[in-house]
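The values are calculated or read from the model by the stated rules, or taken from the named source; none is laboratory data. All values reported here derive from a predicted model rather than from experimental measurement. A quick note on method: Cβ atoms are made from the backbone with ideal geometry, for glycine too, and the neighbour counts reach across all protein chains shown.
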Amino acid sequence: MTRDRKVGLILLVPLIVLVLGLTVYPIIQVISLAFQQQGLYSQESTFVGLKNFASVVNHEGFNRSLSNTFVFAFGSLALQMGIGLPIALLLNKEFPLRTPIRGVMLFSYLVPYVVAAMTWKFMFSDSTGIINYWIRWSGLPIPASPFGSLDWAMVGVIFVNAWKNFPFMVIVFLAQLQTIDRQLYEAASVDGATAWQKFYKITLPSLLPIMLVVGMLRTIWNFNNFEVVFLLTQGGPIGRTETLPLYIYRFVFGDFSLGRGAALAVIVFFILLVMSVIYWRLYERTQGRFK
């Protein structure tokens with residue numbers, strides 16, 4: 001082993017220790033807690049095997065929270081991509097004031113979750129909300145305060161989450177669009193291709209791999225999102241927006257059961273692990289298809 005290689009390995013030691021301390025150890029600790037019965041304020045624990053997992057899965061609200069989480073995660077992902085892709089395509093074109101408009105697009109992404117949630121909740125307020133006023137004035141068949149409606153609460157939290165995070169999609173898609181060779185579009189124009197054919201044959205294949213990558217990342221973030229739902233509805237009304245992160249919160253801080261909360265966290269971890277594998281399989285197929 002050369003001297004430079006030894007120095008490189010030595011310099012990696014602090015990073016390895018940091019990664020092990022901040023990621024691997026907490027994961028091991030959570031998995032260990034999942035097999036124990038321990039209260040939130042108790043130092044004593046008892047090994048109970050799979051009892052916590054059985055208790056969580058058979059709990060009255062587990063299936064509802066699981067389905068709510070999938071609806072919230074993939075509904076938010078679809079809306080973020082549905083908003084982000086057209087805006088990225090627009091910002092990729094030449095037009096006046098393009099640079100400052102690109103900066104404005106980042107605004108909602110820079111706003112903290114607390115500010116974003118409270119702002120939208122205020123705008124939908126029964127007494128002072130401007131959107132509430134517009135809805136009543138227009139006569140649209142939409143509840144003036146969707147966060148309290150059984151049918152519209154999930155739509156409301158999905159919308160706020162998408163509004164907060166769609167600039168991430170814009171940034172990533174726009175960066176990928178900048179890498180596409182303009183000569184491809186020029187050649188397609190010479191061959192008489194329409195705008196739709198250019199998008200389908202050139203733009204979409206170039207974007208698809210990165211769409212899968214950011215789709216995986218945003219799915220993980222949406223699945224673990226706690227702030228938006230908690231700040232807007234706290235899982236209500238009647239559990240219509242209660243997702244798995246809120247369910248974990250309920251076990252730990254409501255029932256004071258670290259074991260059941262950890263068991264549910266482990267279940268979420270493996271669900272996300274399976275979905276990540278699926279995403280990567282799709283990514284590998286797109287890489288092979290468009291090479």
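For region 20-33, the set of residues classified as small (Gly, Ala, Ser) and either in contact with a Phe, Trp or Tyr (Cβ under 9 Å, 6 or more places away or on another chain) or closer than 14 Å to residue 262 by Cβ (or both) consists of 32 only. Quick one: residue 198 ticks every box in (1) in contact with a Gly (Cβ under 7 Å, 6 or more places away or on another chain); (2) more than 26 Å from residue 66 (Cα to Cα) except a single one, so which number is it? So residue 198 meets the others, but not (1). For beta carbons closer than 6 Å, sequence separation of 6+ or different chains, a first residue in region 155-166 that is under 18 Å from residue 141 (Cα atoms) and of a type in the set (Gly, Ala, Ser) and a second that is assigned to a helix (DSSP H, G or I) and modelled with pLDDT under 95, the qualifying pairs are 156/146; 156/147. Screening 137, 120 for residues that are at pLDDT 85 or above and either within 28 Å of residue 239 (Cα to Cα) or surrounded by fewer than 16 Cβ atoms within 10 Å (Cβ to Cβ) (or both) leaves exactly one candidate, 120. Note on region 236-265: among residues that are more than 30 Å from residue 43 (Cβ to Cβ) and small (Gly, Ala, Ser), the one that is modelled with the lowest pLDDT is 236. Scan region 137-179 for residues that are of a type in the set (A, V, I, L, M, F, W, C), farther than 26 Å from residue 229 by Cβ and over 27 Å from the mean Cα position of the chain (by Cα) and jot them down. Correct list: 137 only. Residues in region 35-50: is at least one surrounded by 15 or more Cβ atoms within 10 Å (Cβ to Cβ), hydroxyl-bearing (Ser, Thr, Tyr) and not in a loop (DSSP other than H, G, I, E, B)? Within region 35-50, none of the residues are surrounded by 15 or more Cβ atoms within 10 Å (Cβ to Cβ), hydroxyl-bearing (Ser, Thr, Tyr) and not in a loop (DSSP other than H, G, I, E, B).
Taking first residues from region 34-51 that are within 16 Å of residue 256 (Cα to Cα) and partners that are among the hydroxyl-bearing types (Ser, Thr, Tyr), the Cβ contacts under 6 Å between residues at least 6 apart in sequence or on separate chains come to 36/45; 37/46; 38/45.
Does region 205-219 include one or more residues that are under 20 Å from residue 31 (Cα atoms), hydrophobic (A, V, I, L, M, F, W, C) and surrounded by fewer than 17 Cβ atoms within 10 Å (Cβ to Cβ)?
First pass over region 205-219, keeping only residues under 20 Å from residue 31 (Cα atoms): none.
No.
Residue under question is residue 260, and the condition is that it be of a type in the set (Lys, Arg) and in a helix (DSSP H, G or I); does it hold? It is true that residue 260 is of a type in the set (Lys, Arg) and in a helix (DSSP H, G or I).
The number of residues in region 243-266 being out of contact with any helix residue (DSSP H, G or I) (no Cβ under 7 Å at 6 or more places or on another chain) and either surrounded by 19 or more Cβ atoms within 10 Å (Cβ to Cβ) or of a type in the set (S, T, N, Q) (or both) comes to 2.
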